[in-house]
1. Ranked highest first by the average count of other Cβ atoms within 10 Å around their residues, in what order do 75-82, 16-23 fall?
2. Pairs of Cα atoms under 8 Å, at least six residues apart: use those to get the relative contact order of region 12-140, whole percent.
3. Can you compute the charge dipole magnitude of region 12-140 about its Cα centre, using +1 on each Lys and Arg Cβ and -1 on each Asp and Glu Cβ, nothing else charged? Give it in debye, rounded to the nearest 20.
4. Within region 30-81, report the trypsin sites (Lys or Arg not before Pro) that DSSP leaves as loop and that have at most 11 other Cβ atoms within 10 Å.
Amino acid sequence: MPHAPVLDDERRDDRLALRAMLQEITEGINRRDWDSLTPWLDRDVQVTMIDCATLRGPEALMDYVESKLERFGSVLIGFTVDPSLAAPAVFHGETAIVALQSADRFHFRNGRDLTVQSTYSAAMVRKESGWKLVALHAGVNAFANPISDQKQLWLTGGMVVAGLAGLLVGSIVGAGRGQGRARERGAAPGGESGSGRAYVRQFGRGREQ
């Protein structure tokens, strides 16, 4: 995805350094070289993933990645990211706030692939050893993304099946009730049919005459 243009201002060198940092992190993620990410992470880094899991520290982040990707029976077998700067970084002294956009591709163990358009808000701090990532928050559009769209399809399909089942059951019950009412109309309280009642009335009148 294309980056926002580099502003030609007094922080130009910092802006270029942040872009180089983002490039190194992206390449490390996409080749699954997790150790290469460590130099860019602050020891107290805090990361909130798109599943709302909040991770504190590099060790927790690596354990999360391993649980989703590396362990037997994990949900994913791979993923790649393609982040870019959505807007020029905003500097507050030695802290930079960066807005990122990314096409994240997830490869599931069940054979499905999904591409999710993600957004990230990142905070970097310049220390003696260079720029460090101290916070990252990931997000997706809750109302328009492949995961929620798939769930909506499942929900809609379930509603259709439930509706068809309801119609089927209703027709069966309705037919049974209709037959029952027809039998009730044709039977006397004592179990006699309508023709039987007419015979009794006629026979009775003949005896009275």
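Here, each number is a calculation from the coordinates, and none is a lab measurement. Just so it is clear, the model here is predicted, and its values are computed rather than measured. FYI the Cβ positions are ideal-geometry reconstructions off the backbone, even for glycines, and counts take in every protein chain you see.
1. Working: 75-82: 14.6, 16-23: 16.2.
My ranking of the peptides, most packed first, is 16-23, 75-82.
2. Details: 225 pairs, mean separation 29.2, N = 129.
Reported relative contact order: 23 percent.
3. Details: 15 positive and 18 negative charges, 47 e Å.
Dipole of region 12-140, to the nearest 20 debye: 220 debye.
4. Working: sites: 31, 32, 43, 56, 68, 71; in loops: 31, 32, 71.
Hits after loop and neighbour filter: 31, 71.
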